[in-house]
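Participant: What follows is a single structure, and I will ask about it in a moment.
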Amino acid sequence: MEASEYLSVLNPEQLEAVKHTGSPLLILAGAGSGKTRVITTKIAYLIQELGVNPSSILAVTFTKKAAQEMQERAERLEPFSVKSNIRTFHSFGAWFLRLNAEEANLSPNFTVYDDDDMVTIVQKAIPVLSKQEASGVAHKISLAKDYCMECDDPNLISISSDPDFPEQYTLYQKRLEETGNVDFGDLIMKPVLLMRDNPTVRNYMHRRFSVIMVDEYQDSNVAQFKLLQMLSGEKTYVCVVGDDDQSIYKFRGAEVRNILDFQKQFPGTQVIKLVRNYRSFAPILGIADAVVSHNTDRLGKTLTAERGEGKHKPELIFLANQDDEAHWVSQKIKESVKLGVPFSDWAILYRTNAQSLEFETEFLHKHIPYSVVGALKFYEREEIKDIVAYLSFLSNPKDEISFRRIVNKPARTVGSVSQDKIISLYQKNKTEGSPYTILDACIDALKILPKKARDGINEFVELIQNARVEIGMSSLSSQEVLIAVKKQEAIIAQEIGIGQNETLTNSFSDELSVENVTEKRIKQKKLSDFIDKLIEKSHIKNYHESQDEISGTQRVLNLQEFVNSAVLYECTPLGLCDFLDHIELDRSLENPYGEDNEDAVTLITLHNTKGLEFPRVIITGLEYGVFPRRDKVDSELEEERRLFYVGLTRAQNELYLTSCTMRRLYGRTDFMEPSPFLSEIKPEQIEITGKIPYSFRKSSYNSQNSFGKSIDSFYSKKISSIENDISEIAEIWQKGKKIYHDDYGYGMIIRTTADDAEYVITVQFENGAVKRFMPKYNANRLMIVKD
DNA sequence: CCCGTCGTTATTTTT
DNA sequence: TAACGACGGG
């Protein structure tokens, strides 16, 4: 696509951000201000207009979803973006560590342990701890790693005042390193340490990436900041994008200071603010602004509503209890649906997952389709963890945690005592960098095991060895993985023009050819078939089949789904490694059965809404103690307020807030006070319905005439908000107009219709697609191209 | 090795 | 309240 075309849809600030070069750049992008468009356009612009080599562009995001979206949209603007590195922080770390596996003292086909695995390692490393204590320690260790603190860092005291903690951390780390694997924290921290200590690697990276962009910078942690710092050489162009008002992950180590202090950390930084909001009507933004301006620690900005006033005044509804709340919500949805609103327009937001239950039961009763976001965590299911453990162990047979998980599953009479014997033998026999594995230890341990366990181990070893042969795994294959990774990198290094006398490339530079690496991937049989067979042979299928019968679960189905997801990977050590990376770095897979096409109401926690938008939003449970939680004060209260801000700014057209007088909590029914955030909204900004709690009336609403309409009158009230100013919209979106859509590119309006409530345009896109839109709801993704 | 019972304990969670 | 884990008995 021509630059003049994609630049023409930008507003002046966006354009400035895209064209900016030279100094570091901080883009403060408010909610709904077209942030992703700016980043993707910038990538295209850099490649097309400034001649930057696409391979030397690194764009990092936090979620896989965001990375994918960014990649797709960038490619639509500039096909060569396919070569850019658009990935999550963690997948970048995994790539980095695989490339530098030797220097980082890891096996190149390492896998990544999740939080549960961390707990298991803590327990094995420090057996005196109870499970609960172990998970506390594991949590603190990951926090320490988020702050990039090593075992001997004196600042560990700020993570935990427990004098044993540094030692616990040390024991954990030692045990972890014996497995040759890493945890999530290592994926960021180890690259930082390696670059700090190894100038060759650091200098290589400086030449490797000339442009680094970071999305959602407000949620980066200290380790990620240090990674950015390490990756930035003198000539690196650094651009971070974020919104300090949307920082909501402090409890996971995110550091708002990163964005607040960016200008200090990167001297000469230019700041560009994107404050034109294309998502929400003005009254919604007004409320959001009124609330968030109560925070003190912020850079400060006010969004302007490009969509104008709208017809709907946000509503605050006071209800008696959570049953009424669920009832009111379902009533509201049903009324709107009668008027032709799709269920998918609606999102119900709440602070804690447990709050979804009320709505789920109510919706089941009322036959309202819904989907709960983040509820089914596919990769946390037992059966999936089992098969992943089998694969991880195949890939890296030093993996103690996976070994313990699978060796006796299904039962092979190898209990924990036998497992301990094998592991301690492994620890005794292995030496630094030796190829000795747990599998070898199993064989060597046969003599010291009881007969029953011996049979089981024989069975297990045979199973694993056969599988390893089948996938082509040998004692050398970890080297093969390394060489393959380095080859790929060497090709790119050559393209970018980084000299050949690098440690990275010199050992095999003569073998280079583009086909070598890419062509290989097409042949071979599918990894999915291999996994399918493994599920049979290992008997985990049988095992979970019987579990299904007992408890009516769908484990076999889930296993099948897992198998299917491997269909695009080849059955080789490298293919397996790729696949494991893919799943381990994306635990968020929702709705594996593809139900997401259905027209359904979204039930979602406030945290999970980040980056999303909905035409109609209801934020529920606005009571002190629920949201914000009672224990939140000072900076943590500010974070809760930002969470509220994030929720508010998800709404495009209509916004409702609900608060209950009474709530069942932990088995008790308690009287609740309204959330203090509600009194930060000015009375004239919101329409109040229901019985206003006395304390609330007194605190900020006593001069208000509105006592609120009674609930009954509300239920009978006709919904008028749907009537929109159609003529105003029709004037803008006329037949023949050329438009641009973020997902589909350029097109032309070929038909317009106005039925009783909605104005619909039909667009013929240049890529052939014909789509129908309601401009009212799509104003932020869809725009008219000026001639 | 599996099942039932009792007691404990309640956030948010991109990777 | 409800859900999960620890523990003990069959």
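Participant: Just list whichever of A:K610/A:K682; A:K409/A:K525; A:K124/A:K421; A:K65/A:K273; A:K398/A:K526; A:K83/A:K145 have alpha carbons separated by over 19 Å in the model shown. Please list the in-between numbers first.
Facilitator: Values: A:K610/A:K682 25 Å; A:K409/A:K525 27 Å; A:K124/A:K421 13 Å; A:K65/A:K273 25 Å; A:K398/A:K526 25 Å; A:K83/A:K145 31 Å.
Violating the 19 Å Cα-Cα cut-off are A:K610/A:K682; A:K409/A:K525; A:K65/A:K273; A:K398/A:K526; A:K83/A:K145.
Participant: Which order do peptides A:192-199, A:250-257, A:239-246 fall in by mean Cβ count within 10 Å, highest first? Display every interim value, and only then the final one.
Facilitator: Working: A:192-199: 16.2, A:250-257: 18.0, A:239-246: 25.1.
Listed from highest to lowest mean packing, they are A:239-246, A:250-257, A:192-199.
Participant: Oh, and also: State, as an integer percentage, the relative contact order of chain A based on alpha-carbon contacts under 8 Å between residues 6 or more apart. Don't skip to the end; give the middle numbers.
Facilitator: On the way: 1276 pairs, mean separation 127.2, N = 787.
Relative contact order, chain A: 16 percent.
Participant: I would also like to ask the following. Run the simple label-point estimate for A:D323 and A:T361 please: 7 Å along Cα→C-beta, distance reported in nm.
Facilitator: 0.9
Participant: How big is the dipole moment of the stretch A:120-244 about its Cα centre under a simple scheme where the beta carbon of each Lys and Arg is +1, that of each Asp and Glu is -1, and everything else is neutral? Debye, nearest 20, please.
Facilitator: Numbers: 13 positive and 19 negative charges, 108 e Å.
In total the dipole reaches around 520 debye.
Participant: Another one. Would you mind counting up the charge near A:T669? Only other residues with Cβ under 14 Å from its Cβ, with Lys and Arg at +1 and Asp and Glu at -1.
Facilitator: On the way: positive: A:R663, A:R664, A:R668; negative: A:D323, A:D324, A:E325, A:E358, A:E623, A:D670.
Surrounding charge for A:T669 is -3.
Participant: Restricted to Cα positions, what overall size does the stretch A:1-72 have along the principal axes? Three whole-Å values, descending.
Facilitator: That gives 29, 28, 27 Å along the principal axes, largest extent first.
Participant: Enumerate the residues in the stretch A:607-634 having an amide nitrogen under 11 Å from the point lying 7 Å beyond the Cα of A:K250 toward its Cβ.
Facilitator: A:632-634
Participant: Can you give me the C-alpha center-to-center distance between the stretch A:270-333 and the stretch A:170-232, rounded to a whole angstrom?
Facilitator: What the calculation gives is 37 Å, centre to centre.
Participant: Quickly rank A:311-321, A:152-162 as a protection proxy: mean count of other C-beta atoms within 10 Å, highest first.
Facilitator: A:311-321, A:152-162
Participant: Work out how much length A:E432 to A:N353 would gain on full extension: take 0.36 nm times their residue separation and subtract the Cα-Cα distance, in nm to one decimal. Please report the intermediate quantities before stating the final value.
Facilitator: Numbers: separation 79, 0.36 × 79 = 28.44 nm, distance 4.53 nm.
Result: 23.9 nm gained on full extension.
Participant: How far apart, in nm, are the 7 Å Cα→Cβ label points at A:H539 and A:Q132?
Facilitator: Spacing of the two 7 Å Cα→Cβ label points: 3.6 nm.
Participant: Nearest 10 degrees, 0 to 90: what angle lies between the long axis of helix A:222-231 and the longest principal axis of chain A (Cα atoms)?
Facilitator: Relative to chain A, helix A:222-231 is tipped by roughly 70 degrees.
Participant: Averaging the inverse of every distinct alpha carbon separation and then flipping it gives the Kirkwood radius. What is it for the stretch A:45-142, in angstrom units? Before the final figure, lay out each step's value.
Facilitator: Numbers: mean 1/r = 0.0615 Å⁻¹.
So the Kirkwood estimate lands at 16.2 Å.
Participant: Please say if the stretch A:275-403 is rounded, prolate or oblate, where rounded means a/c under 1.5 for a ≥ b ≥ c the square roots of the C-alpha gyration tensor eigenvalues, and otherwise the choice is prolate for a/b larger than b/c and oblate otherwise?
Facilitator: On the way: a/c = 2.60, a/b = 1.55, b/c = 1.68.
Oblate shape, in that a/c is at least 1.5 and b/c is the bigger or equal ratio.
Participant: Something else now. For chain A, give me the percentage of DSSP beta bridges that are antiparallel, rounded to the nearest 5 percent. Can you show the working numbers first?
Facilitator: Values: 26 of 78 bridges.
Approximately 35 percent, going by the DSSP bridge assignments.
Participant: What per residue convex hull volume, in Å³, comes out for the stretch A:243-303 when only alpha-carbon positions are used?
Facilitator: Values: hull volume 5.9 nm³, N = 61.
Given the Cα convex hull of the stretch A:243-303, per-residue volume reads 97 Å³.
Participant: I need the peptides A:51-64, A:119-132 ranked by packing, meaning the mean over residues of other C-beta atoms within 10 angstrom, with the highest value on top.
Facilitator: Working: A:51-64: 20.5, A:119-132: 16.6.
Packing proxy ranking, top to bottom: A:51-64, A:119-132.
Participant: Which percent of Cα pairs goes in each bin when the distances of the stretch A:149-295 are cut into 5 angstrom slices starting at zero?
Facilitator: 2, 8, 13, 16, 17, 14, 12, 8, 6, 4, 1, 0
Participant: Further question: At what distance in nm do the modelled label points of A:E470 and A:V337 sit from each other, each positioned 7 Å from its Cα along Cα→Cβ?
Facilitator: 4.6
Participant: What value does chain A have for Rg/Rh, both radii from Cα atoms and Rh as Kirkwood defines it?
Facilitator: Value, to two decimals: 0.98.
Read the figures in this text as sums done on the coordinates, not as results from a lab. Everything numeric in this text was worked out from a predicted model, so none of it was measured. Glycine gets a Cβ as well: all are built from the backbone with ideal geometry, and neighbour counts include every protein chain shown.
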